[in-house]
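Engineer: Before anything else, here's the structure in question.
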Amino acid sequence: MIVVHHLENSRSQRILWLLEELGLPYEIVNYKRGRMMAAPLEMKRIHPLGKSPIIEDEGIVVAETGAIIEYIVEKAGGRLGPPAEADDARRYRFFLHYAEGSVMTTLLMRMVIGMVPLLGRAGKKMFQPMIDTHLGYIETELAARPWFAGEEFTAADTMMSFPLEFAASRVDGLNGRPATSAWLDKIHARPAYRAALERGGPYDFVGK
Ligand SMILES: N[C@@H](CCC(=O)N[C@@H](CS)C(=O)NCC(=O)O)C(=O)O
């Protein structure tokens, strides 16, 4: 059975949600954040990077959300994985990489620079146009089709949940981007999403 090493209030919520969507059995090992929101050192005993999420499955250890999602989709025989249609499959792959590779990086840089005394305000101002470009692009994509890859819900939607929840709750909100807000409402209403919240414990990026 898959074991999810799950840090409270973190990206690993996405993994619980995907496992619920797929109906795969899993166990959770819970970790609490310490000073400066750091993961506890025990996580380094599971994987040298010590960051959340990490999964273990029959002796195999996988870190990094996108790689974990690909592993789980493969284990589920491809369910919720790349769609058959070529454009949808290309979008699926793009959003699987884009979530952490581009959007989260920009959001985190803005958050961290915002905490630096004196530099904070100027730094935030510098990053805001980059964030607006990402959020504007995402809004256009979600206005064009119901889910990130196309007409059907896929694992790419689980991957994109964290940056958008983070932007909505931790940065300056979505600034009236209706398609993105509607997508967030839609994912939060999914039974599997609710079940993952119940099992995962504290997750401050969304109201329970
Ligand atoms: N790109 C990585 C990021 C992993 C990451 O930074 N996880 C955060 C949780 S949201 C973490 O473990 N933070 C605590 C720490 O860095 O000590 C992924 O998606 O898995």
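Engineer: Would you check if Gly101 is out of contact with any helix residue (DSSP H, G or I) (no Cβ under 8 Å at 6 or more places or on another chain) and within 22 Å of His134 (Cβ to Cβ)?
Structural biologist: Yes, satisfied.
Engineer: So which residues in the stretch 2-37 are hydrophobic (A, V, I, L, M, F, W, C), at pLDDT 95 or above and more than 18 Å from Pro191 (Cα to Cα), if there are any at all?
Structural biologist: Within the stretch 2-37, Ile2, Val3, Val4, Leu7, Ile28, Val29 qualify.
Engineer: Answer with yes or no whether Ser102 is more than 14 Å from Ala155 (Cα to Cα), buried (at least 18 other Cβ atoms within 10 Å of the Cβ) and of a type in the set (Ser, Thr, Tyr).
Structural biologist: Details: more than 14 Å from Ala155 (Cα to Cα): yes; buried (at least 18 other Cβ atoms within 10 Å of the Cβ): no; of a type in the set (Ser, Thr, Tyr): yes.
No; evaluated as a whole, the condition is false for this residue.
Engineer: Among the residues of the stretch 16-53, write down those that are of a type in the set (Gly, Ala, Ser) and within 16 Å of Ile72 (Cβ to Cβ). Full working, then the answer.
Structural biologist: Here is the first cut: in the stretch 16-53, the residues of a type in the set (Gly, Ala, Ser) are 23, 34, 38-39, 50, 52.
Scanning the stretch 16-53 gives Gly23, Ser52.
Engineer: Another one. Considering only residues of the stretch 1-15 that are of a type in the set (A, V, I, L, M, F, W, C) and within 13 Å of the ligand (Cβ to nearest atom), which is surrounded by the most Cβ atoms within 10 Å (Cβ to Cβ)?
Structural biologist: Initial filter on the stretch 1-15 (of a type in the set (A, V, I, L, M, F, W, C)): 1-4, 7, 15.
Of the ones still in play, those that are also within 13 Å of the ligand (Cβ to nearest atom) are 4, 7, 15.
Values: Val4: 24, Leu7: 25, Ile15: 29.
The residue in question is Ile15.
Engineer: Next up: Taking the stretch 177-191, which residues are surrounded by fewer than 18 Cβ atoms within 10 Å (Cβ to Cβ) and assigned to a helix (DSSP H, G or I)? Break it down stepwise before answering.
Structural biologist: Kept after step one, since they are surrounded by fewer than 18 Cβ atoms within 10 Å (Cβ to Cβ), are these residues of the stretch 177-191: 178-179, 181-182, 185-186, 188-191.
Scanning the stretch 177-191 gives Pro178, Ala179, Ser181, Ala182, Asp185, Lys186, His188, Pro191.
Engineer: Looking at Tyr31, is it within 13 Å of the ligand (Cβ to nearest atom), aromatic (Phe, Trp, Tyr) and more than 17 Å from Gly201 (Cβ to Cβ)? Let's see the steps before the verdict.
Structural biologist: Values: within 13 Å of the ligand (Cβ to nearest atom): yes; aromatic (Phe, Trp, Tyr): yes; more than 17 Å from Gly201 (Cβ to Cβ): no.
Considered against the rule, which asks whether it is within 13 Å of the ligand (Cβ to nearest atom), aromatic (Phe, Trp, Tyr) and more than 17 Å from Gly201 (Cβ to Cβ), Tyr31 comes out as no.
Engineer: Considering every residue within the stretch 168-176, establish whether at least one is assigned to a helix (DSSP H, G or I), free of Cβ contacts under 8 Å to residues at least 60 places away in the same chain, of a type in the set (Gly, Ala, Ser) and surrounded by 17 or more Cβ atoms within 10 Å (Cβ to Cβ).
Structural biologist: The answer is yes, given that some residue of the stretch 168-176 is assigned to a helix (DSSP H, G or I), free of Cβ contacts under 8 Å to residues at least 60 places away in the same chain, of a type in the set (Gly, Ala, Ser) and surrounded by 17 or more Cβ atoms within 10 Å (Cβ to Cβ).
Engineer: Say whether the condition of being in a helix (DSSP H, G or I) and exposed (fewer than 13 other Cβ atoms within 10 Å of the Cβ) is met by at least one residue in the stretch 145-163. So that I can check it myself, show each step before the final result.
Structural biologist: Step one: filter the stretch 145-163 for residues in a helix (DSSP H, G or I), giving 155-163.
Still in the running and exposed (fewer than 13 other Cβ atoms within 10 Å of the Cβ): none.
No; the residues of the stretch 145-163 include none that is in a helix (DSSP H, G or I) and exposed (fewer than 13 other Cβ atoms within 10 Å of the Cβ).
Engineer: Still on this model: Could you tell me which residue of the stretch 34-51 is surrounded by the fewest Cβ atoms within 10 Å (Cβ to Cβ), considering only residues that are closer than 21 Å to Arg199 by Cβ and within 11 Å of the ligand (Cβ to nearest atom)?
Structural biologist: Initial filter on the stretch 34-51 (closer than 21 Å to Arg199 by Cβ): 39-40, 42-43, 46, 51.
Retained after the next criterion (residues that are within 11 Å of the ligand (Cβ to nearest atom)): 39-40, 43, 51.
Values: Ala39: 20, Pro40: 13, Met43: 21, Lys51: 19.
Step by step, filter the stretch 34-51, then rank; the result is Pro40.
Engineer: Moving to a separate point now. Scan the stretch 145-184 residue by residue and report those that are over 17 Å from Leu80 (Cβ atoms) and within 16 Å of the ligand (Cβ to nearest atom). Steps first, answer last, please.
Structural biologist: Initial filter on the stretch 145-184 (over 17 Å from Leu80 (Cβ atoms)): 163-182, 184.
Result: Pro163, Leu164, Glu165, Phe166, Ala167, Ala168, Ser169, Arg170, Val171.
Engineer: Something else about it: Those residues that are within 7 Å of the ligand (Cβ to nearest atom) and either more than 17 Å from the chain's Cα centre (by Cα) or free of Cβ contacts under 8 Å to residues at least 24 places away in the same chain (or both), I need them from the stretch 52-63; list them, please. Steps first, answer last, please.
Structural biologist: Pass one, the stretch 52-63, residues within 7 Å of the ligand (Cβ to nearest atom): 52-53, 63.
If the condition is that a residue be within 7 Å of the ligand (Cβ to nearest atom) and either more than 17 Å from the chain's Cα centre (by Cα) or free of Cβ contacts under 8 Å to residues at least 24 places away in the same chain (or both), then Ala63 is the only one that fits.
Engineer: Tell me which residues, restricted to the stretch 162-176, are under 20 Å from Leu7 (Cβ atoms) and among the acidic types (Asp, Glu).
Structural biologist: Answer for the stretch 162-176, where residues must be under 20 Å from Leu7 (Cβ atoms) and among the acidic types (Asp, Glu): just Glu165.
Engineer: Quick one: would you say Gly81 is in contact (Cβ under 8 Å) with a residue 40 or more places away in the chain and not charged (D, E, K, R)?
Structural biologist: Judged against the criteria, Gly81 is a match.
The values are calculated or read from the model by the stated rules, or taken from the named source; none is laboratory data. None of the values given here were measured: they were computed from a predicted structure. Every residue, glycine as well, gets a Cβ built from its backbone with ideal geometry; the counts of neighbours run over all protein chains shown.
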